[in-house]
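Undergrad: Encoded as structure tokens, here's the structure I'll be asking about.
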Amino acid sequence: MKNKKVMLLALLLGLVALIAPTISLSATKLVVWESSGPEEDWVRKMGELYYKETGVQVEVHPVDQLAQSDKLALDGPAGKGADIVVWPHDKLGTTIEQGLLWPLPEEKLDLSKFTPSAVEAMRYQGKLYGLPYAMEALALVYNPDLLPTVPETFDELLEIAKKFNDPKKNQWGFMFDMFDFYYAYGFFGGYGAYVFKNTPNGLDPDDIGLANAGAVQAVKFLKELRDSGLIPEGTTKDVYQGLFIEGRLMAHINGPWAYAQFEEAGAKYAVAPLPKLRNGKYPQTFIGVKGYYISAFSNQKEEALKFIQWLTSKENSFKHYQDTSIIPSREDVLSMPEFQQNKTIQAFAIQATRSIPMPNIPEMREVWDPMANAITFVLRNNQKPEEVLPICVEQIKEGIAMMKR
């Protein structure tokens, strides 16, 4: 009898042992939103791997990154939103002001291996809200047959470009969209201008540095480019990208989003960091950073934190690069031998280290149009930047004041 009881107990314990993992494996589920396509496929694949390793289910729903904040604002309070969301860092300020994101417990995280500027992009008013996984930067995209060696300085580059430039033959030396402040900002930053002053408590929207001596110098440089005949009226991104594909443009400024079309068209191209300016400094372009954030409405915040830490580990960041060709945001990944061989990624990564995150506060949306108008006034109407830029800054301040009413 006693033996039968022992056998029955052993059988029960065995059943419990078989059932217990099933119960544990299904206990936790994380919902992730990600844009459809390669990024969704990657997170889904990694979610399956994470489930095998930890028993935590990861459910991935296709939601466009730029639409996620609006959807989370509606679905989050109703308990139907994602635990983890993904979007470019410049949307952070607005989404945090809406109360959509959970500030991460920084004391639990090791940020030392991430690129500092990428981490900075994840902060708002001194608090960290996400872990970065990819960076985007502008760089010099050139035809190596027409420009075998990229010179050290912009002045040298422009001298070569002027010699190659021949509008009658429809061949051009150097172009970029100088009226788009995103593309033009590198010259402002390189000469010492800034959009909003960076302080220990975050960006100060009351301190605007777009009319200082550096900003004036930057606009004069743009005017010089226009007067040189390198970038004629009517130059748009479509125009110069088409010329580049046809082998009629020596060099231009572009981002990593462009080279897929160059490869598809079979265009010859190479990428280099932007050369130095006359003051000996590099253009300080904007970088865009994509990050994983945790919803303020999630009931699984700690589990979500563990997942995004795992997702952005050194090993998995490298897998991410291999699968989707992102520029990783970890320095210990960018220093791997594989990246030394990938000159394109390396060039964008170097430029990213010389850049600053695009301002992520809501006030930034009041900057784009006034700055584009200011550049237009100087370049097309021969207005003096010393007169135009202070007016532009006042317009930005008025716009910010209006948005806060």
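The values are calculated or read from the model by the stated rules, or taken from the named source; none is laboratory data. None of the values given here were measured: they were computed from a predicted structure. Every residue, glycine as well, gets a Cβ built from its backbone with ideal geometry; the counts of neighbours run over all protein chains shown. SASA here: full protein model, heavy atoms, side chains in, ligands and nucleic acids out. Shrake-Rupley method; radii C 1.70, N 1.55, O 1.52, S 1.80 Å.
Undergrad: I want the local charge near Met403. Using Cβ-Cβ distances under 12 Å, sum +1 for each Lys or Arg and -1 for each Asp or Glu among the other residues.
TA: On the way: positive: Arg365, Lys397, Lys404, Arg405; negative: Glu97, Glu363, Glu366, Glu398.
Net charge around Met403: 0.
Undergrad: Continuing with this model, one more query. Mind checking region 314-405 for chymotrypsin sites (Phe, Trp or Tyr not before Pro) that DSSP puts in a loop (not H, G, I, E or B) and that have at most 16 other Cβ atoms within 10 Å?
TA: none
Undergrad: Quick check for you: with a 1.4 Å probe and neighbouring chains kept, what is the accessible area per residue of the chain, in Å²?
TA: Per-residue value: 47 Å².
Undergrad: Under a straight-distance cross-link criterion of Cα-Cα below 17 Å, which lysines are reachable from Lys301, leaving out those fewer than 8 residues away in the same chain?
TA: Straight-distance partners of Lys301: Lys29, Lys80, Lys108, Lys127.
Undergrad: Sticking with this one: On full extension of the chain, what length is gained from Glu386 through Leu111, given 0.36 nm per residue of separation minus the C-alpha to C-alpha distance?
TA: 94.8 nm
Undergrad: OK, next. Based on the Cβ-Cβ distance from Ser228 to Lys197, what FRET efficiency comes out when R0 is 51 Å, to the nearest 0.05?
TA: 0.95
Undergrad: What relative contact order, as a whole-number percentage, does the chain give when Cα pairs under 8 Å and 6 or more residues apart are counted?
TA: RCO, the chain: 24 percent.
Undergrad: Of [x] 25.3, 105; [y] 22.0, 74; [z] 19.8, 62, which is the value of Rg and Dmax of the Cα atoms in Å derived from the coordinates here?
TA: Checked against the structure: label [x].
Undergrad: Leaving out ligands, DNA and RNA, and with a 1.4 Å probe, what % of the accessible surface on the chain is carbon or sulfur?
TA: The C+S portion of the solvent-accessible surface of the chain is 52 percent.
Undergrad: Another one. Among Leu49, Leu74, Ser36, whose Cα lies farthest out toward the positive end of the dipole of region 31-74, if unit charges sit on the beta carbon of Lys, Arg (+1) and Asp, Glu (-1)?
TA: Leu49
Undergrad: Cβ under 12 Å from Ile375's Cβ, Ile375 left aside: what net charge do those residues give with Lys, Arg +1 and Asp, Glu -1?
TA: +1
Undergrad: Taking every DSSP beta bridge that has both residues in the chain, what percent is antiparallel when rounded to the nearest 5? Don't jump to the answer; show the numbers that get you there.
TA: Working: 29 of 42 bridges.
Restricted to the chain, the bridges split so that about 70 percent are antiparallel.
Undergrad: Between region 135-202 and region 229-258, what is the separation of their alpha carbon centroids in Å?
TA: Computed from Cα coordinates, the inter-centre distance equals 11 Å.
Undergrad: What does the charge count near Arg365 come to, summing +1 for each Lys or Arg and -1 for each Asp or Glu among other residues with Cβ under 11 Å from its Cβ?
TA: Every neighbour counted, the sum reads -3.
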